[in-house]
C-alpha cells in the first residue's frame, strides 16, 4: 500500500470513528451525513467522496466495529489461559462493545431492516463467524473437562441473549459502572450457565 492509499485508508477509518460517535449520540435514524461531516470538519460533499449514502457508511461502520471485535475474540480464543477465563474475557469484551457502540453494534441483530440487500449476506457471514468464537471457547472447555455442557450452540445463545439485553437497561449514570456490569455478567454466566451444569 503506497502513501496515498494509506492516507485514504486512514481517512476512511477517521470517518468511521466519527460516524460511530455521531450514531451513538444521535441514534441511526437521527444521525445525518451533515453531522458526521461536521464532526470531521469536512463538507458533506467531501464525505460523499468516500461513501455514497448513510446506509453505505453505516454498513462499513458496522463492519469495522465487528471486525475489531472479531480480532479481539481471536486473540482470546488463541490465548493459553483456561476455557473459563477465556469465556469471561469474551463476555467482558462483548459487553464493552455492546455498551460503547450500542447503536451501531445493535444492528447486527436485525441487519435486513437497515442495510441494502447486497450487504446482508456479508453481514450474516461475519455475524456467524463472530458467534463461532464463543462456540470454540465452549467446545475447548468441554474437551478439557472444564465445562460439562453438551449443546454448544444453546449455551452460546443463552450467553449472547443475556449480554445483548444489556443495551436495553444499561445507563452510564446508573447504579453499576460498565466495568462492574462486565465483571458481574462474566462471573455469573460462566458459573451458572457452564459450571453449574456439572451438578
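Every test in (1) within 21 Å of the chain's Cα centre (by Cα); (2) surrounded by fewer than 16 Cβ atoms within 10 Å (Cβ to Cβ); (3) closer than 22 Å to residue 120 by Cα is passed by residue 78 save one, and that test is (3). Scanning the range 22-41 for residues that are surrounded by fewer than 16 Cβ atoms within 10 Å (Cβ to Cβ) and touching a helix residue (DSSP H, G or I) at 6+ places or on another chain (Cβ under 8 Å) turns up 26, 27, 32, 34.
Residue-by-condition table, conditions (1) over 30 Å from residue 156 (Cβ atoms); (2) in contact (Cβ under 8 Å) with a residue 12 or more places away in the chain:
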{"residue": "44", "(1), (2)": "yes, no"}
{"residue": "54", "(1), (2)": "yes, yes"}
{"residue": "57", "(1), (2)": "yes, yes"}
{"residue": "70", "(1), (2)": "no, yes"}
{"residue": "76", "(1), (2)": "no, yes"}
{"residue": "93", "(1), (2)": "no, yes"}
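Pairs meeting the criteria (first residue in the range 175-199 and farther than 17 Å from residue 160 by Cα, second residue modelled with pLDDT of 95 or more and assigned to a helix (DSSP H, G or I), beta carbons under 7 Å, at least 6 apart or on different chains) are lacking.
The values are calculated or read from the model by the stated rules, or taken from the named source; none is laboratory data. These numbers come from a predicted model, not from an experiment. With ideal geometry, Cβ positions are generated from the backbone for all residues, glycine too; neighbour counts draw on all protein chains shown.
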